[in-house]
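The values are calculated or read from the model by the stated rules, or taken from the named source; none is laboratory data. These numbers come from a predicted model, not from an experiment. Backbone-built Cβ (ideal geometry, glycine too); neighbour counts: all protein chains shown.
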Amino acid sequence: MPGQRILVLGSGPTMIGQSREYNNVIMSACKVLHNAENSVILLDSHSASPVSGSGLCSRSYIEPLTREILEKILQKERPHSVLATVSGKNSFNLSLVLNQFSSHSNSKFAFLGTTGEILASTQRPEIFKQIVESAGAECPNSSTVNSIDKGIETGRKIGFPIIVRAIPEPSGLGVAIAYNVEELERAISIALTVSPIKQIVIEKSFAGAKSTDWVVLRDRRDNIFIVGSVEYIEPMGVHANDSIAVSPAQSISDESIAIAKETVERIARNFKVTGCATIQLAHDKKNDTDIKIISVTPMITRAAILCGRQAGIPVAEFHTRLCIDGNINELMSSSLLKDEANLFEKKEKKEKNFCVCRVPVFPGNRLMKKNELLTTYTKSVDSVTGVGMNFISALQKAVRASCLPEPGAYCIDAESAGTWGVEEIMQLVSKPFANRLWHILRAIKIGIEPEELINVSGIDKWFINKLAEFNEIEEKCSSIQKKDLISGTGNIKNLLKKTKQTGCSDLQLSSIFGVEEEKIREYRLKQKIFPIAKHLSGENFQKSPWIINYNSRKQKYSDDKPILIIGSCKSKPIGKAENEYILLEAIRELSKAGEKCILVSPETLHLADDEDVNVKRYIEPVNMEIINDIIEIEKPKAVLAQFSDFQTYALIEKLDDITVMGTSFKNIQRLLKRERFYPLIQKLDIRLPSHGIADNARDAFLLAEDIGYPVIVHPAAPAIIPAVDIWYSKREAKDFLDSAGRVKELYPISIEKFLEGGREFHIEGVCDKTDLYVGGIIEHIERAGVNTNDSAAVWAPESSAASFLEEGRDIIKRLAIELEIQGLIGIKLALLDDKLYLLDAFPGITENTSFINKISGEKLISTAIQVILGKSLAETNEKEPVTDFVAVSAPVFPFANFPDSDASLGPESCSVGKAVGLSYSFGTAYAKALVSAGNFLPVTGDVLLSVTDKDKQEILPIARKLIALGFNISATSGTYAVLQKHAIPAKLVMKFQEGRPNVIDNIIDGDMSLIINTPGSKANRFAEAKMRHEAVARGILVITTISAAQAAVEGIAAFMRHGFEIKPYEKYLEGLRFQHSLNFDSQPTLDFD
């Protein structure tokens, strides 16, 4: 149906339960709609969207995904329909709420694909049960309630354990499992608080059952195609995102497969879904043919993405084609689709097809404590994928990509594992910890029978037995003598080949055999075990990625001489969506220049998969072995490293005879290694904080004393994932250094004077060795001491900093020309006491590159690629951009999902994504960014003020502004006394440790709408952390720094004055202009008063 105006809802920024993979899905959907001659309008709220500004949509909005914004866009654009089933739960829920409760006739809309009535029926327990039973299936007992008393009454009738979830079903907040009345009451209280319609579902839990997802496609003619299945290793009771997942399902019987297929077909038909749906089943542990229907999700899910990868089917494309009235018979005849029979081979043949395994990535100890239990709400912050010819191979690759210790040869807690006895191991195996896999492997290694592990863990015997088989292979390898390995006698070749086919890395084998990794590679090549490239879907779907397999014959390679691009090495989620977007922009520009690219990255979907660019992608972990294998197969002419994270440089340093495109590797190292960086900066006479390098704990302590506290400490080589700390005193230094045995891998460490209270700036540009193009300048809202990822940032900085930023431009230009930078360069600066200091320099992309590129009209990356390929800046004719609008990037925090976390900020990163706000005033742009990042912006109610002594004077103007806006002030004793002294009205509340009712009671009772709490002494840390977590668990905005409080109050004031205006991204860019030297205009800024 060409000629339609279709509004596509975006995914919003990466956050818990909302993965970056949806960027690819949205791009695929927009491409289908665009190619069908429809006018596409996109609403999204982050800088990593590949669609906005791409030509696939007629207009795109970078605005908060809220009911109010969506209503305004519907009234302005008047679309024929809305596509809300390609962008994850948040947008799906938003569309359902608006469709049901819209108060404005112009806000009514039709859904593209499945109707709104059918979509809503999947979320309403009573209707859901009727439809499921009409299909001859069973589902859990459940009911909708709207009060705590009714919820407890219903829960008692249903029986424990019980699942409580808010309506609409959230991706994070408002889901819990309860085993008793006390847990049930708390779960209901929180779910009602976060539900936008104040309704929740009470549902019988099938905790302990086996869990599978089945992905189906259905067209309006009632044709059905089953794409595939996903099985979760963890039993039900653990959120699907937090369990290792494999496609196709491995452990279920042939009879269960047949029953499941028949059941999901009937369910899909009875619900009348159009396009893609994921149907979750619970299988009884003793009889897997006893099946219950847990949920029907009529949109693209992470399970659908995983199934599509395994089946070689572009599910997002097919889903969208079906939504615009395509039919499955056309898709079947398109030659892109495999024969359905191949997708469900018999059990004994399953492992002859390749498996796709997804491993969740969990945050560090700053958020998730050691041995924190997994539960019904998500705690993983990302995931990585492994693809292999069997389950163990796929699992090992995925684990390696997650940067976790490899199974078998290593153990997560190797030091203490050696002392664990049977009782300790069985305790660890019995609980759903994030590292339970390693505990099971350890248990097998010390001789515990698989049957015992099956009974204690609840994990299916098929998976336990596979792990036991893997252990047997490792033991066979361990028994081989080194001389036999070298000589290749006996059955060494077959054993080596088997280990490689089960996904063992050379590093893993080097630990087993007790030889260097390089020797393992040498031995296996001598035994003619060569790496080969294997296309996942044969010739059926050319854009499908590739994997590395092993064969006895070398693979012939083409003479294309491609460029090798290395994806992200790190397993941390922050910046991954932005990194994918940047890589796509770079590959687009390289393709325009006629270059062929090879990309290696361990994601299920990557933006480059769906783009019409000349790229061949390998789904493999990024490590030395894989890079060498790809070089062996593809013979690239050069490697492009500027668009990867810093860990990539550690790999490149070990490569022989490979050309690094752009800046020479020798000069890159002068920026990355502190022992070379410091002399360089001194030579250029650029101001640095007092600094030094220490090689051991004693030297570090003495150096800190010499520099003077406070100091900031981090690794001297950024190629290591940094662990940053701030020492304010000898005691804090001693506490850190006493754990030197634990952090010995950090040496040498760099120690620098901490510029407390300094304003931080970031400048990025492109250099052609002789000239510099400044791509953008941003200011961090948080002051020095807060991790860059966790600070909001504003484009452009306030006018009072203009003279200092001229000095900043001079610094980046002198540095770039001295190093003969060819491509990207970024610097981080701090302004303190009217002096500008250089803090760091980066020879490639940074956390802010995506934001700068998007706001500057997507000029930065394209200009960098042109320069890397040999153009001069004069030939590109690019000049520094300046805008008449303000853009703010705000971090997304997952504190609510981690009960023992502390919602405060510091040098260690906690954020998982970034949202963007655009406006013509700073206040409105910041407010939009906060809302887009998942925060609720209050406009009335009580604000709690509880700040440390050093912040008490700065809180006064904030308090006055809040009162002027109509808020009431509550304060803890110390802050209350200061407010009283300055005649600012406030209500005194007790701290947690002072008695009852205290501030936590006030939060639970719903008395607080905003909390401003700057962390105080260590003595109060536990009580403050408990207070902050109770607030974030209930969706209350918590602010822990004065600078962020100033910005937030300005944002609230702007929102209360005139709300949020909406404007297409393309219209904002019309205010973009370019000039050689940027002179800041006066505009609303971070100045509070």
**Prompt:** Scanning for something aromatic (F, W, Y) and out of contact with any Cys (no Cβ under 7 Å at 6 or more places or on another chain), does the stretch 114-134 turn up at least one residue?
**Reply:** no
**Request:** State whether one or more residues within the stretch 436-449 are of a type in the set (G, A, S) and more than 21 Å from F354 (Cβ to Cβ).
**Result:** yes
**Item:** Residues of the stretch 283-331 that turn out to be among the hydrophobic types (A, V, I, L, M, F, W, C) and either free of Cβ contacts under 8 Å to residues at least 24 places away in the same chain or not in a helix (DSSP H, G or I) (or both), as a count
**Value:** 8
**Prompt:** Does the stretch 275-282 include one or more residues that are hydroxyl-bearing (S, T, Y) and in a loop (DSSP other than H, G, I, E, B)?
**Reply:** no
**Item:** Positions within the stretch 634-651 being buried (at least 20 other Cβ atoms within 10 Å of the Cβ) and over 24 Å from the mean Cα position of the chain (by Cα), in sequence order
**Value:** E634, P636, V639
**Request:** Could you identify the single residue in D629, D657, D612 that is under 26 Å from S383 (Cα atoms), assigned to a loop (DSSP other than H, G, I, E, B) and more than 21 Å from the chain's Cα centre (by Cα)?
**Result:** D612
**Message:** Need pairs with beta-carbon distance below 9 Å; first residue in a strand (DSSP E or B) and within the stretch 979-996, second at pLDDT 95 or above and among the β-branched types (V, I, T); sequence gap 6+ or separate chains.
**Reply:** K987/I969
**Message:** I'd like to check something: does the stretch 1000-1007 contain any residue that is of a type in the set (G, A, S) and either within 16 Å of D902 (Cβ to Cβ) or within 33 Å of the chain's Cα centre (by Cα) (or both)?
**Reply:** yes
**Prompt:** Out of all the residues in the stretch 168-185, is one or more touching a residue at least 40 places away in the same chain (Cβ under 8 Å), over 25 Å from I233 (Cβ atoms), part of a strand (DSSP E or B) and under 29 Å from the mean Cα position of the chain (by Cα)?
**Reply:** no
**Asked** If you take the residues of the stretch 191-205 that are touching a residue at least 60 places away in the same chain (Cβ under 8 Å) and in contact with a helix residue (DSSP H, G or I) (Cβ under 6 Å, 6 or more places away or on another chain), which of them is farthest from P235 (Cα to Cα)?
**Response** P196
**Complete:** The correct count of residues that are polar (S, T, N, Q), surrounded by fewer than 23 Cβ atoms within 10 Å (Cβ to Cβ) and touching a Gly at 6+ places or on another chain (Cβ under 8 Å) in the stretch 876-920 is 1
**Unique residue being β-branched (V, I, T), over 27 Å from A1054 (Cβ atoms) and touching a residue at least 60 places away in the same chain (Cβ under 8 Å) when the list is I1004, I1000, I955** = I1004
**Asked** Among the strands (runs of 3 or more DSSP E) confined wholly to the stretch 879-937, which include 1 or more residues that are under 30 Å from F362 (Cβ atoms) and of a type in the set (D, E, K, R)?
**Response** 913-919
**Prompt:** So, in the stretch 227-244, of the ones that are aliphatic (A, V, I, L, M) and closer than 23 Å to A268 by Cα, which residue ends up surrounded by the most Cβ atoms within 10 Å (Cβ to Cβ)?
**Reply:** V230
**Request:** For the stretch 1-32, name all the residues that are assigned to a strand (DSSP E or B) and either touching a Leu at 6+ places or on another chain (Cβ under 6 Å) or of a type outside the set (A, V, I, L, M) (or both).
**Result:** R5, I6, V8, L9, Q18
**Residues (buried (at least 22 other Cβ atoms within 10 Å of the Cβ) and either part of a loop (DSSP other than H, G, I, E, B) or out of contact with any strand residue (DSSP E or B) (no Cβ under 6 Å at 6 or more places or on another chain) (or both)) located in the stretch 74-89** = A84, T85, V86, S87, G88
**Asked** So which pairs qualify, if the first residue must be in the stretch 232-258 and under 18 Å from Y377 (Cβ atoms) and in contact (Cβ under 8 Å) with a residue 12 or more places away in the chain, the second must be assigned to a loop (DSSP other than H, G, I, E, B) and basic (K, R), the Cβ gap must be under 9 Å, and the two must be at least 6 apart or on different chains?
**Response** P235/K285; H239/K379; N241/K379; D242/K379
**Request:** Would you check which residues across the stretch 544-581 are modelled with pLDDT under 85 and buried (at least 17 other Cβ atoms within 10 Å of the Cβ) and list them?
**Result:** S544, G567, S568, C569, K570, S571, K572, P573, I574, G575, K576
**Request:** Return the residue satisfying two criteria in turn: it lies in the stretch 108-154 and is touching a helix residue (DSSP H, G or I) at 6+ places or on another chain (Cβ under 6 Å) and part of a strand (DSSP E or B), and of such residues it is surrounded by the most Cβ atoms within 10 Å (Cβ to Cβ).
**Result:** V145
**Prompt:** When both residues are 6+ apart or on different chains and their Cβ atoms are under 9 Å apart, which pairs have a first residue that lies in the stretch 444-461 and is of a type in the set (K, R), and a second that is not in a helix (DSSP H, G or I)?
**Reply:** K445/G408; K445/C411; K461/S251
**Item:** Residue match in the stretch 38-49 (condition: of a type in the set (A, V, I, L, M, F, W, C) and either part of a loop (DSSP other than H, G, I, E, B) or more than 20 Å from P1064 (Cα to Cα) (or both))
**Value:** yes
**Request:** Name the single residue, out of those in the stretch 449-478 being of a type in the set (A, V, I, L, M, F, W, C) and touching a Pro at 6+ places or on another chain (Cβ under 6 Å), that is surrounded by the most Cβ atoms within 10 Å (Cβ to Cβ).
**Result:** I464
**Long-range neighbours under 6 Å by Cβ, at least six apart or interchain, first residue of a type in the set (D, E) within the stretch 937-950, second part of a strand (DSSP E or B)** = D942/N968; D942/S970; D942/M1008
**Request:** Might you let me know whether the stretch 682-694 holds any residue that is crowded, with 20+ Cβ neighbours inside 10 Å and among the charged types (D, E, K, R)?
**Result:** no
**Item:** Residue check, E595 more than 18 Å from S54 (Cβ to Cβ), in a loop (DSSP other than H, G, I, E, B), over 29 Å from the mean Cα position of the chain (by Cα) and not basic (K, R)
**Value:** yes
**Selection count, the stretch 28-48, where residues are acidic (D, E) and farther than 18 Å from I69 by Cβ** = 1
**Message:** For the stretch 808-859, which positions are β-branched (V, I, T), over 20 Å from F754 (Cβ atoms) and under 31 Å from the mean Cα position of the chain (by Cα)?
**Reply:** I812, I821, I825, I845, T846, T849, I852, I855
**Answer residue from the stretch 837-875, given it is farther than 14 Å from F643 by Cα and among the charged types (D, E, K, R) and is surrounded by the most Cβ atoms within 10 Å (Cβ to Cβ) among those** = K854
**Fill in**
Given the conditions (1) more than 18 Å from L1072 (Cβ to Cβ); (2) modelled with pLDDT of 90 or more, every one holds for A887 apart from (1)
